[in-house]
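Values in this text are rule-based calculations from the coordinates and carry no lab data. Small disclaimer: the values here were computed from a predicted structure and weren't measured. When we count neighbours, we look across all protein chains shown, and the Cβ atoms used for this are built from the backbone with ideal geometry, even at glycine.
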Amino acid sequence: MEAYLFFNGNCEEALEFYKRCLGGEITTLMRYEGTPMDNGQLPPGWKQKVMHSTFESEGARFMASDGMPGQPAPSYGGFAMSVFVPGDAANARKAFEALSEGGKVTMPFEPPFWGGHFGMLTDRFGIPWMVSSEH
């Protein structure tokens, strides 16, 4: 099972942000241009929006796209993206701090009672995240 995130026209910006925060790469990126949906009905500037993408890094893999033109902006609740950063807590803290830039920390990145390190945040795109490490 993999998460699929929808964005309101800023998917590529979000993917570049996640690439910077988590390392990894955008392994698939398809645009609306040249697809059957590119039939004169797309709004101006929408041809270069992301129709489908896949992002992969150590500890994270998900798919994402810009929602269909004219659809309501996505809202996220009742779930969180969870990323486990192997190794020491310093790498996980670095990812946590990067993801929280421009967002809101809801639980600081600290050692929880069950061990390791853990923190929660909502990033600047409105996506909730849980970041953890084993040490």
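One table, with the values for the structure above:
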| item | result |
| --- | --- |
| Coarse-grained scattering of the stretch 3-66 at q = 0.30 Å⁻¹, given as base-10 log I(q)/I(0) from a Debye sum over alpha-carbon atoms | -1.29 |
| Proximal charge balance of Arg31 [Cβ under 12 Å; K/R count +1, D/E count -1] | -2 |
| CD proxy at 222 nm, helix term only [per DSSP H run n ≥ 4: -39500 (n - 2.57); per residue of the chain; nearest 500] | -5500 deg cm²/dmol |
| Rel. contact order, % - alpha carbon contacts under 8 angstrom, at least six apart, the chain | 23 |
| Considering only the stretch 3-66, percent of DSSP beta bridges that pair antiparallel, nearest 5 | 70 |
| Exposure proxy ranking, count of Cβ atoms within 10 Å, fewest first, for Trp114, Trp46, Trp129 | Trp114, Trp46, Trp129 |
| Cα centroid of the stretch 94-119 to Cα centroid of the stretch 21-69, whole Å | 28 |
| Reachable lysines from Lys94, criterion Cα separation under 27 angstrom, eight or more residues apart if same chain | Lys19, Lys104 |
